[in-house]
Amino acid sequence: MDAPTLDHPTLAVVKAAFPNVRFLATSFRDMTMLVVPAEHTHEVLRFLRDNPSCDYNFLVDLFGVDYLEYPIEQPARFAVGYQLLSHQHERRIVVKTYLQPSIDTSGIAADPALELASVCDLWPGAEWPEREVFDMFGIRFKNHPDLRRILLWKDYPAHPLRKDYPLRGRGEREHFAVVGRDSR
């Protein structure tokens, strides 16, 4: 049996534009994913937006994933994904990049390996999703206009969507007074 081929028209254009970059690509249920090395993510995303044969003018979603204890082996623990849409060509593609922590990630300390270039300069709507990925996973975005927590208070001691974060928390709720309906 022959190996399946990926026929998404964007893949050939990207590979021709970046001949020295090693890409991985996969497709599942008509959604094509392009895996890009972290150091090339911003330039590939800029190319996908600016090249007329690609013209991915809309960032549909930006998300983080923690693959700790995932049943299928992954290249790294964390991933950041960008779901893009081209209105002109009526195409979608997901661009994913993997990040491997270089230090113990259970605390709030900034890990230099968990850093990507911000895409707010390409899609201004990426500002809040990047802040959410930072808040929940601890992945930092270089050159972000306002990288601070968006869902939790600024001194929150962890990143709760990491798989090593306890389901019941680390006692954060016990330090606050209960506010009832009659409290002012």
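Every number in this text was worked out from the coordinates using simple rules, so none of it is lab data. These numbers come from a predicted model, not from an experiment. Here Cβ is always computed from backbone atoms with ideal geometry, including for glycine, and neighbour counts include all displayed protein chains.
With the Cα gyration tensor of the stretch 8-83 giving a ≥ b ≥ c as the square roots of its eigenvalues, does the rule (a/c under 1.5 for rounded; else a/b larger than b/c for prolate; else oblate) give rounded, prolate or oblate?
The shape class here is prolate.
GluC sites (Glu not before Pro), restricted to the stretch 8-90: which are DSSP loop and have at most 15 other Cβ atoms within 10 Å?
Working: sites: 39, 43, 69, 73, 90; in loops: 69, 73, 90.
Sparse-neighbourhood loop GluC sites (Glu not before Pro): 69, 73, 90.
In the stretch 23-52, which residues have a backbone nitrogen under 15 Å from the label point lying 7 Å from residue 102's Cα in the Cα-to-Cβ direction?
Backbone N within reach: 38-39.
Using alpha carbons only, how many degrees (0 to 90, rounded to 10) separate the axis of helix 41-50 from the longest principal axis of the chain?
Result, in degrees: 60.
Based on the Cβ-Cβ distance from residue 60 to residue 163, what FRET efficiency comes out when R0 is 22 Å, to the nearest 0.05? All intermediate terms of the calculation are to be shown ahead of the outcome.
Details: r = 25 Å, r/R0 = 1.13.
Calculated transfer efficiency: 0.30.
Rounded to the nearest 500, what is the 222 nm mean residue ellipticity of the chain from helices alone, with -39500 (n - 2.57) per DSSP H run of 4+ residues and division by all residues?
Calculated from helices alone, the mean residue ellipticity at 222 nm is -5000 deg cm²/dmol.
When the chain is fully extended, how far beyond the present Cα-Cα distance does residue 115 get from residue 31, taking 0.36 nm per residue of separation?
Result: 27.6 nm gained on full extension.
Given that just one value was derived from the coordinates, which of (i) 0.97; (ii) 1.10; (iii) 1.18 is Cα Rg over 2.2 N^0.38 Å?
Of the listed options (i) 0.97; (ii) 1.10; (iii) 1.18, (iii) comes from this structure.
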